[in-house]
Amino acid sequence: MAQKLLRDGKLEKAVQQLLGCREAAESFLSAEHTVVGEIEDSLAQAYAALGDWQTSATHVRKSVRVVEARHGPSSVEIGHELFKLAQVLFNG
């Protein structure tokens, strides 16, 4: 539902939905669970679209930690996440 809101450009509603999802996920999933990383990534995307680069960067950093835990510090996946972080920080 939050992804659809994000795609439809209803960013504030998407953020609220994603924050609720994150709160629920954190109550029963580990901090390194893939779903937690996907939620953080979506939050980063929403905040970037809203122009809130600092908050977006905070969520990308959390996503980086999840990806690093899942795939390792030298993985292609972590490189992709670090590139996203660099883009967000540059735009901010």
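Observations on the model:
- A Cβ distance below 6 Å, combined with a sequence gap of six or more or placement on separate chains, defines the contacts here; from segment 55-79, residues that are in a helix (DSSP H, G or I) reach residues that are among the hydrophobic types (A, V, I, L, M, F, W, C) and open to solvent by 20 Å² or more (accessible area, probe 1.4 Å) in the pairs 56/48; 57/89; 60/85; 77/67; 78/67.
- Filter pass, residue 40 being out of contact with any Asp or Glu (no Cβ under 8 Å at 6 or more places or on another chain), in contact (Cβ under 8 Å) with a residue 12 or more places away in the chain and not β-branched (Val, Ile, Thr): yes
- Count - residues of segment 1-16 that are exposed (fewer than 13 other Cβ atoms within 10 Å of the Cβ), in a helix (DSSP H, G or I) and free of Cβ contacts under 8 Å to residues at least 24 places away in the same chain: 2
- Considering each residue of segment 38-52 in turn, none proves to be surrounded by 13 or more Cβ atoms within 10 Å (Cβ to Cβ) and farther than 20 Å from residue 13 by Cβ.
- Within segment 17-30, restricting attention to residues that are open to solvent by less than 70 Å² (accessible area, probe 1.4 Å) and closer than 19 Å to residue 64 by Cα, the residue that is modelled with the lowest pLDDT is 30.
- Filtered residue count, segment 80-92, keeping only those that are open to solvent by 40 Å² or more (accessible area, probe 1.4 Å), closer than 23 Å to residue 9 by Cβ and assigned to a helix (DSSP H, G or I): 3
The values are calculated or read from the model by the stated rules, or taken from the named source; none is laboratory data. Model, not experiment: these values are computed from the prediction. Quick reminder, even Gly has a Cβ in these numbers, built from the backbone with ideal geometry, and neighbours come from all protein chains shown. In case anyone asks, the SASA skips ligands and DNA or RNA and just uses the protein heavy atoms, side chains included. Shrake-Rupley method; radii C 1.70, N 1.55, O 1.52, S 1.80 Å.
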